[in-house]
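Please treat every number below as a calculation from the coordinates, not as lab data. What you see is a predicted model, and the numbers here were worked out from it, not measured in a lab. So basically every Cβ, Gly included, is an ideal-geometry build from the backbone, and we count neighbours across all protein chains shown.
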Amino acid sequence: MSTFPLRVGTPDGLLYEGDVARVVCRTISGDLAILPGHCNYCTALGMGEAHIVLEDGTRRNAACIGGMLSMMNGVCRVLATTWEWEEDIDAERAEAAKHRAEQALANGGLTDKEYRIAEAKLQRALVRLSVKRIKNKKPSTNSEKSYRRRLF
């Protein structure tokens with residue numbers, strides 16, 4: 001299987017460095033798959049599910065929330081604002097964040113700024129929950145079903 005070098009970093013440090021067969025991320029203009037031999041490319045990352053496929057075919061899922069991706073001279077670099085591997089996501093914490101954001105939005109009386117912040121918190125929680133439940137493929141709430149419809 002053909003591979004290319006990938007480095008994934010956040011402001012907190014380097015999270016992954018090694019050869020991969022594929023990296024898939026949500027960009028601001030849609031989902032993007034980088035394969036070996038991809039042309040030089042640079043883009044802003046959006047908020048969504050991401051994954052890498054290792055040389056042995058193993059898939060590692062992650063929640064990616066913002067950042068930049070560059071593919072230059074055969075080397076891919078992802079500098080993400082937030083990158084959480086599936087195994088590092090705390091589902092209970094994400095559920096609590098989702099519930100708080102839904103409550104804030106339902107209660108109303110928010111300024112435009114407060115509304116946008118609550119909506120962003122809800123989207124981040126939904127991304128994390130979506131990645132955590134990716135193996136089950138069963139969204140558990142209407143919010144998640146709605147979010148997944150917007151993803152695909």
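Quick one: which of 89-96, 9-16 comes out on top by average Cβ neighbours within 10 Å, and what's the full order, highest first? Walk me through the intermediate numbers first.
Numbers: 89-96: 13.8, 9-16: 12.2.
For the peptides 89-96, 9-16, the packing ranking is 89-96, 9-16.
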(request) Order the peptides 70-77, 106-113, 47-54 from the highest to the lowest mean number of other Cβ atoms within 10 Å of their residues. (result) 47-54, 70-77, 106-113
(message) Please list, ordered by chain and number, the residues whose modelled amide H lies under 5 Å from the amide H of residue 27; skip anything fewer than 5 residues away on the same chain.
(response) 32, 46
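Okay, helix-only estimate at 222 nm for the chain: each DSSP H run of n ≥ 4 adds -39500 (n - 2.57), divide by all residues, round to 500 deg cm²/dmol; what do you get?
Values: 3 runs with 48 residues, N = 152.
That comes out to -10500 deg cm²/dmol.
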(message) Show me, for the range 68-76, the HN-Hα J-couplings you get by feeding each phi into the Karplus relation (A = 6.51, B = -1.76, C = 1.60, θ = phi - 60°), rounded to Hz, glycine and proline as x.
(response) 9, 10, 10, 10, 10, 6, x, 10, 9
